[in-house]
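The values are calculated or read from the model by the stated rules, or taken from the named source; none is laboratory data. Since this is a predicted model, take the numbers as computed values, not measurements. Cβ sites come from the backbone with ideal geometry, for glycine too, and all protein chains shown count toward neighbours. Note: areas computed on protein heavy atoms with side chains; ligands, DNA, RNA excluded. Shrake-Rupley method; radii C 1.70, N 1.55, O 1.52, S 1.80 Å.
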Amino acid sequence: MTNGKQPLLSVKNLQKYFPIHGGVFYRHVGDVYAVDGISFDVYQGETIGLVGESGCGKSTLGKALLHLYPPTGGSVEFEGVDIDTIPVKRLREMRKEMQMIFQDPMESLNPRMSVGSILEEPFIIHKGEHEFDTVEKRKIEILRILKEVGLPENAFDRYPHEFSGGQRQRIGIARAIALKPKLVVCDEPVSALDVSVQSQILNLMVRLQREMKLTYIFIAHNLSVVKYIADRIYVMYLGRVVEVAESQSMYEKPMHPYTQALISAIPEPDPTLKKEKQVLEGDVPSPINPPPGCHFHPRCPYAQDRCKEDLPQLRPVDGNKNHQVSCHFAEEIFNQQPSGTSEPAARN
Amino acid sequence: MAILTVKNLVTTFQTDRGSARALDGVNFSLEKGQTLGLVGESGCGKSVTSLSIMRLLPKPSGDSPEGEVIYDDGTDRFDILKEPAENLLKIRGRKIAMIFQDPLTSLNPVYTVGYQLMETLQVHFPKMSSQAMFKRAVELLTDVGIPAPDQRIHEYPHQLSGGMRQRVMIAIALACEPDILIADEPTTALDVTIQAQILDLMRTLQKKNNMAILFITHDLGVVAEMCDDVCVMYAGKVAEHAPVEEIFNDPQHPYTQGLINSIPKLNTAQKSQLFEIKGMVPDLFSMPKGCRFQNRCPYVAEKCGQPPTPTQVRAGHEVSCIRHGEIDL
């Protein structure tokens, strides 16, 4: 990964807190620590997977990357430019290069606009930055994009409600790739779809990535899907990254107790694997007052006194600088129970 | 012994566009103490099946399903579809209970958890004293693993997390120790670690109460983990019915096979071409004649225009494909 290239996107210690106001004078009484100090680099053509349970801050992170939420602290650099400090006009121009696909295409497509005008809008907004300067040229381009994402030509004059969930997601993808962006943030793009449609959309996304050299930030809670599509996976818990690894290494050797539990909780579609489950106790704590020390310690079966006070930082483990984990005792835990952790590898 | 037998269940909805046959002859049976999974994609009729069994469909558009739903626990035997409405109140909750996908919309936001639990007890055991009911309610919350149940009982649904709400729903459903629990996507809205907790809890309670579960889900992973038998539904019909191992290891219907092959598994090669079932489920108003899967089936032949009849592959394994035996899946 560190082959001397400049990263497409470079995130440094990104923080996003949402203030909570209360009391008679509506004073600032606290914060929701949605994203709390996350750093990573993304290179052209890569797919980064962001995984975690609801409330872990993965969607907030996705939006903060595109500056849809201004960050509370830290910086996001796109091709070396800090998008937080540049003028709004410049940011708008840069948005051409960074697009987003949302979970629910029905809510992200305007019901009163035809598919043709939905797809034409990006060309109108970024007028002068592309060669499609007439209605006719735009229509030819839009029909080409429709074909590219597997929609019929007559979709041009139809409205979003006339399409099924999978087709609507294709419209959402078409809109995102219309201006040939470099980066696409995909926020749970297949979670609302049925399995047979999910595989159609995943195949489409993989093909488009290959053909257009797209870079994806793929946010999902379904680990099997993330493992399938992502090159590198970030596991998040309460606004922080607890483990980073290349996807194969993540599944073969999960080092953080939370990742281990998450992988063991996935129901695998194979009844012969009546695997020994590692069921976590309790719920994800509130991000308003995250537990001190390691955020995971109240649910962690291996928690010790040090975990309650000392916040662990990401550090390389296993002699592999691409595999990082934020746990004080990762090695000890991993060596302690070889049966529990080698299990996902044994299934391959 | 089959505690619930569904025979040739047909449910039709009257709509502005004409009548839509949401269920077109569904057959299955649920054994005592066992778990039967109803699997399929959205719109295949899984939820309509459960609502038809409970006679909870909206009137008048979807009322009066045809066919038979026989409940038989050894002492009592009756056809739920023919029971008068007042008897249904004694069946629902007492003999057959139900839990839903989203516990926040199925719990009443203005009553405490305890009130809603005791309401069920009051309906079915009117002579029970309020102290006894309170005691029983705390006991139920303890059973479903809610910490500090004597405090939680006074809380409102919005004060609980998603997993806790689903536990409360299960406690309400189990209040009268029903013989059958219909679980309609009970873990779909939950995170994986919470899902694992709830599935664990359901298995424990099933063993304890010797209860039969009709488990409705679209997640084949959950099916593999929970079910003894599986019914794969497609467009209002049962495509295949088999023990869970046979569904996964020896699927006989092209749809079942497609469904299993299209999920990315943990050992699927990265960014490899995933299996696709082409096209989409046809509209209920324009179902093809004969096999309803024919427009998406890779093995379609001319005779698929005739309606398929269920064929027995071996004991307990039935498939509705007219080309069964001819095609090599």
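May I ask you to list pairs of residues, at least six apart or on different chains, whose Cβ atoms are under 7 Å apart, with the first in the stretch B:1-29 being farther than 15 Å from B:P65 by Cα and at pLDDT below 90 and the second being open to solvent by 70 Å² or more (accessible area, probe 1.4 Å) and not in a strand (DSSP E or B)?
From the stretch B:1-29, the pairs are B:M1/B:K32; B:R17/B:F285; B:G18/B:F285.
State which residue pairs qualify: first residue hydrophobic (A, V, I, L, M, F, W, C) and inside the stretch B:54-78, second residue open to solvent by 40 Å² or more (accessible area, probe 1.4 Å) and at pLDDT below 90 in any location, beta carbons under 8 Å apart, and separation of 6 or more residues or different chains.
B:L57/B:D63
Conditions tested, residue by residue: (1) touching a helix residue (DSSP H, G or I) at 6+ places or on another chain (Cβ under 8 Å); (2) within 27 Å of B:S161 (Cβ to Cβ).
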residue	(1), (2)
B:E83	yes, no
B:L88	yes, no
B:L107	yes, yes
B:S129	no, no
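Check B:V192, B:V230 and return the single one that is within 16 Å of the chain's Cα centre (by Cα) and within 12 Å of another protein chain (Cβ to nearest Cβ).
Details: B:V192 fails: within 16 Å of the chain's Cα centre (by Cα).
Going through B:V192, B:V230 in turn, just one is within 16 Å of the chain's Cα centre (by Cα) and within 12 Å of another protein chain (Cβ to nearest Cβ): B:V230.
When the stretch A:42-58 is examined, which residues are found to be over 18 Å from A:I229 (Cα atoms) and either at pLDDT 95 or above or open to solvent by 30 Å² or more (accessible area, probe 1.4 Å) (or both)? Can you show your working first?
Step one: list which residues in the stretch A:42-58 are over 18 Å from A:I229 (Cα atoms), which gives A:53-57.
Listed by number, the residues that qualify are A:S54, A:G55.
Would you pick out the residues in the stretch B:144-160 that are within 14 Å of another protein chain (Cβ to nearest Cβ) and buried (at least 16 other Cβ atoms within 10 Å of the Cβ)?
Matches in the stretch B:144-160: B:G145, B:I146, B:R152, B:L160.
Among the residues of the stretch B:40-66 satisfying the criterion of being open to solvent by less than 30 Å² (accessible area, probe 1.4 Å) and small (G, A, S), which is modelled with the lowest pLDDT?
Step by step, filter the stretch B:40-66, then rank; the result is B:G62.
Return the residue satisfying two criteria in turn: it lies in the stretch B:248-257 and is of a type outside the set (S, T, Y) and more than 8 Å from chain A (Cβ to nearest Cβ), and of such residues it is surrounded by the fewest Cβ atoms within 10 Å (Cβ to Cβ). Spell out how you get there, then give the answer.
Restricting attention to the stretch B:248-257, the residues satisfying the condition of being of a type outside the set (S, T, Y) are B:248-254, B:257.
Adding the requirement that they be more than 8 Å from chain A (Cβ to nearest Cβ) leaves B:250-254, B:257.
Working: B:D250: 15, B:P251: 21, B:Q252: 23, B:H253: 26, B:P254: 25, B:Q257: 19.
Filtering the stretch B:248-257 for residues that are of a type outside the set (S, T, Y) and more than 8 Å from chain A (Cβ to nearest Cβ), the one surrounded by the fewest Cβ atoms within 10 Å (Cβ to Cβ) comes out as B:D250.
Would you confirm, using the coordinates I've provided, whether B:F78 is among the aromatic types (F, W, Y) and open to solvent by 60 Å² or more (accessible area, probe 1.4 Å)?
Numbers: among the aromatic types (F, W, Y): yes; open to solvent by 60 Å² or more (accessible area, probe 1.4 Å): no.
No: the conditions fail for B:F78.
Looking only at the stretch A:64-107, count every residue that is modelled with pLDDT under 90 and open to solvent by less than 30 Å² (accessible area, probe 1.4 Å) and tell me the total.
So the answer is 1.
Would you say B:A235 is hydrophobic (A, V, I, L, M, F, W, C), within 13 Å of another protein chain (Cβ to nearest Cβ) and either open to solvent by less than 10 Å² (accessible area, probe 1.4 Å) or more than 23 Å from A:I201 (Cβ to Cβ) (or both)?
Judged against the criteria, B:A235 is a match.
Which one of these is in contact with a strand residue (DSSP E or B) (Cβ under 7 Å, 6 or more places away or on another chain) and outside any helix (DSSP H, G or I): B:L190, B:L181?
Details: B:L190 fails: in contact with a strand residue (DSSP E or B) (Cβ under 7 Å, 6 or more places away or on another chain).
Unique residue meeting the criteria: B:L181.
Looking only at the stretch A:276-289, which residues are more than 9 Å from every other protein chain (Cβ to nearest Cβ) and either closer than 25 Å to A:E332 by Cβ or over 19 Å from the mean Cα position of the chain (by Cα) (or both)?
Here is the first cut: in the stretch A:276-289, the residues more than 9 Å from every other protein chain (Cβ to nearest Cβ) are A:276, A:285-289.
Passing the criteria: A:E276, A:P285, A:S286, A:I288, A:N289.
In contact with a Pro (Cβ under 8 Å, 6 or more places away or on another chain) and either under 29 Å from B:P307 (Cα atoms) or touching a residue at least 12 places away in the same chain (Cβ under 8 Å) (or both): does that describe B:V223?
In short, yes.
Going through B:E86, B:E119 one at a time, which residue ends up being free of Cβ contacts under 8 Å to residues at least 24 places away in the same chain and under 30 Å from B:E68 (Cα atoms)? Outline the logic, then answer.
Working: B:E119 fails: under 30 Å from B:E68 (Cα atoms).
Only one candidate qualifies: B:E86.
Mind checking which residues of the stretch A:24-66 are of a type in the set (D, E), farther than 19 Å from A:R315 by Cα and touching a Leu at 6+ places or on another chain (Cβ under 9 Å)?
Taking the stretch A:24-66 as the starting set, the residues that turn out to be of a type in the set (D, E) are A:31, A:36, A:41, A:46, A:53.
Then drop every residue that is not farther than 19 Å from A:R315 by Cα, which leaves A:31, A:46, A:53.
The answer is A:E46, A:E53.
Being within 11 Å of chain A (Cβ to nearest Cβ) and buried (at least 16 other Cβ atoms within 10 Å of the Cβ): is that true of B:V244 here?
yes
Looking at the stretch B:258-313, which of its residues are hydrophobic (A, V, I, L, M, F, W, C), exposed (fewer than 13 other Cβ atoms within 10 Å of the Cβ) and within 14 Å of chain A (Cβ to nearest Cβ)?
Selection gives B:A269 alone.
Could you run through the stretch A:27-82 and say how many residues are within 21 Å of A:L311 (Cα to Cα) and of a type in the set (F, W, Y)?
So the count comes out to 2.
For B:V110, work out the one condition from (1) part of a helix (DSSP H, G or I); (2) surrounded by fewer than 16 Cβ atoms within 10 Å (Cβ to Cβ); (3) hydrophobic (A, V, I, L, M, F, W, C) it doesn't fulfil.
Condition (1) is where B:V110 drops out.
Kindly indicate whether any position in the stretch A:122-130 is free of Cβ contacts under 8 Å to residues at least 60 places away in the same chain, open to solvent by less than 20 Å² (accessible area, probe 1.4 Å) and within 14 Å of chain B (Cβ to nearest Cβ).
Looking through the stretch A:122-130, none of the residues is free of Cβ contacts under 8 Å to residues at least 60 places away in the same chain, open to solvent by less than 20 Å² (accessible area, probe 1.4 Å) and within 14 Å of chain B (Cβ to nearest Cβ).
Looking at the stretch B:3-21, which of its residues are open to solvent by 10 Å² or more (accessible area, probe 1.4 Å), under 20 Å from B:P308 (Cα atoms) and in contact with a Ser or Thr (Cβ under 6 Å, 6 or more places away or on another chain)?
B:R21
Restricting attention to the stretch A:156-200, which residues are within 10 Å of chain B (Cβ to nearest Cβ), in a helix (DSSP H, G or I) and within 18 Å of the chain's Cα centre (by Cα)?
The answer is A:Q198, and nothing else.
Identify all residues within the stretch A:221-273 that are facing chain B (nearest Cβ under 8 Å) and of a type in the set (F, W, Y); write none if there are none.
Residues satisfying the conditions are A:Y228, A:Y251.
Scan (1) surrounded by fewer than 22 Cβ atoms within 10 Å (Cβ to Cβ); (2) closer than 20 Å to B:C176 by Cα for the single condition B:D219 breaks and write down its number.
(2)
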